[in-house]
1. Can you tell me which of (1) away from ligand 1 (no atom under 16 Å from the Cβ); (2) within 17 Å of G324 (Cα to Cα); (3) open to solvent by 60 Å² or more (accessible area, probe 1.4 Å); (4) modelled with pLDDT under 90 is the one S256 doesn't meet?
2. Here are K136, K198, K214, K114: which of them is within 20 Å of I37 (Cβ to Cβ) and either open to solvent by 60 Å² or more (accessible area, probe 1.4 Å) or touching a Lys or Arg at 6+ places or on another chain (Cβ under 6 Å) (or both)?
3. Which of the residues that make up the range 183-195 are open to solvent by less than 30 Å² (accessible area, probe 1.4 Å) and part of a helix (DSSP H, G or I)?
4. One residue is enough: does the range 116-132 have a residue meeting the conditions within 8 Å of ligand 1 (Cβ to nearest atom), without any contact (Cβ under 8 Å) to a residue 40 or more places away in the chain, within 23 Å of C68 (Cα to Cα) and of a type outside the set (S, T, N, Q)?
5. Sort through N95, N74 and tell me the only one that's more than 30 Å from D177 (Cα to Cα) and within 16 Å of ligand 1 (Cβ to nearest atom).
6. Does the range 144-167 hold any residues that are under 14 Å from V104 (Cβ atoms) and near ligand 2 (Cβ under 10 Å from one of its atoms), and which are they?
7. Using the structure shown, decide if S151 is within 12 Å of ligand 1 (Cβ to nearest atom) and touching a strand residue (DSSP E or B) at 6+ places or on another chain (Cβ under 9 Å).
8. Could you please find all residues in the range 72-115 being touching a Leu at 6+ places or on another chain (Cβ under 9 Å), assigned to a helix (DSSP H, G or I) and in contact (Cβ under 8 Å) with a residue 60 or more places away in the chain?
Amino acid sequence: MAGRIVLNIGKTIKKVVEKKGSSWWYTPHMAAASRAIANRIPLVDIVVQVRDARKWTRYLEEQRYVCCEVNSHNKESIKGFLNLLQSEVKELKRNGQSSHTTTVMLVGIPNSGKSALANALHQIGRISAEEKGRLKHAAVSPNPGETKEISSFKIASHPNIFVLDTPGVLPPDIIDDEVCSKLALTGAIADSLVGELKLAQYFLAILSTSEEYKKWVKLPRIKTKILTGDQQGNYSTVSEGKMGPKKHVPDHTQDSIVNDVRRTLFETVSSFSENLEDGENFAELYKLHLMGLHKAFQVVPGIGIGEDVDHIVSRKLLNLYRTGRLGHYTLDQLPSTFN
Ligand SMILES: Nc1nc2c(ncn2[C@@H]2O[C@H](COP(=O)(O)OP(=O)(O)OP(=O)(O)O)[C@@H](O)[C@H]2O)c(=O)[nH]1
Ligand SMILES: [Mg+2]
């Protein structure tokens, strides 16, 4: 079923680009960034390609790439990556391939986490207390194309190591439908190009034929509080008591929403017995998914002014998927020899 949705998304992207011009896909800033990156590459010592990792890392290791799974929100993970970079730098110096200052360039498609990684390395790296006092900050955002210029962040002293954060780039020509669709689903191209409804439908097709939802068989029903939700799928509890001064209270409502969404997805798919290869059956399942998700996300008409509830639910679903809270999905097929 996902195959048909993929074709549909690919066609939509191509249509938009035909109508509005190729700069919708390969933006002028992307073209300028590609040139700037290509000019800079001969001057840097190490190029790190930032990708959505998951199962691919083992495959890449087999291809003899130096690979490291990094979570930019985890200090220990960043320390592990810093150690790896430092040992690579030592190796370069031993071979006389790097001068006093080493430069590491982070490259990758839009929204793959380059800026978040640059910030984390800069904050956790071993630099002097004086330098720690004036840390820089790269803008991080769930929208692609946030970084517009190459910027440099110091991540180690003695020897000095600088990391270059770069704008995300795509190939100039539109690739095939499947690649386009995967890029759109992961958020590497703007959601407005395809529309959140189609992307959520694509994700639901992947989820409904995956093994991930089966892990949610034993999730308990949690009594949730009344919530307000913003457009990004973040929540805050509507006050149940007196409005006092703002205190930091851990927000477990987020967990209960995720729990409810997972349980609802599990129940919807596992109680649907029709063959999902048939487009009409999937259309039926998709409707059931939306109905269940309205309830799980507690979205009621009128929550987003001028926006229909299916749009809001789709956006919230994509947000949970992209932040890894609905499990891990490798969108690319691994070579058949690798499992
Ligand atoms: N869970 C998780 N989220 C991450 C991680 N790294 C980045 N993100 C999130 O991914 C989204 C994109 O991160 P950015 O660092 O802005 O991505 P980028 O590659 O710099 O994007 P462009 O500048 O548009 O090319 C943001 O919402 C980040 O919070 C990570 O290691 N773990
Ligand atoms: Mg960036």
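The values are calculated or read from the model by the stated rules, or taken from the named source; none is laboratory data. Computed from a predicted model, the values in this text were never measured in an experiment. Cβ atoms come from the backbone with ideal geometry, glycine included; neighbour counts cover every protein chain shown. In case anyone asks, the SASA skips ligands and DNA or RNA and just uses the protein heavy atoms, side chains included. Shrake-Rupley method; radii C 1.70, N 1.55, O 1.52, S 1.80 Å.
1. Condition (3) is where S256 drops out.
2. Selected residue: K136, the only one of K136, K198, K214, K114 that is within 20 Å of I37 (Cβ to Cβ) and either open to solvent by 60 Å² or more (accessible area, probe 1.4 Å) or touching a Lys or Arg at 6+ places or on another chain (Cβ under 6 Å) (or both).
3. L183, A184, L185, L193, V194
4. No - not one qualifying residue is present in the range 116-132.
5. Of the residues listed, the single one that is more than 30 Å from D177 (Cα to Cα) and within 16 Å of ligand 1 (Cβ to nearest atom) is N74.
6. Scanning the range 144-167 gives S151, D165, T166.
7. Yes, satisfied.
8. Answer for the range 72-115, where residues must be touching a Leu at 6+ places or on another chain (Cβ under 9 Å), assigned to a helix (DSSP H, G or I) and in contact (Cβ under 8 Å) with a residue 60 or more places away in the chain: L82, L85, K114.
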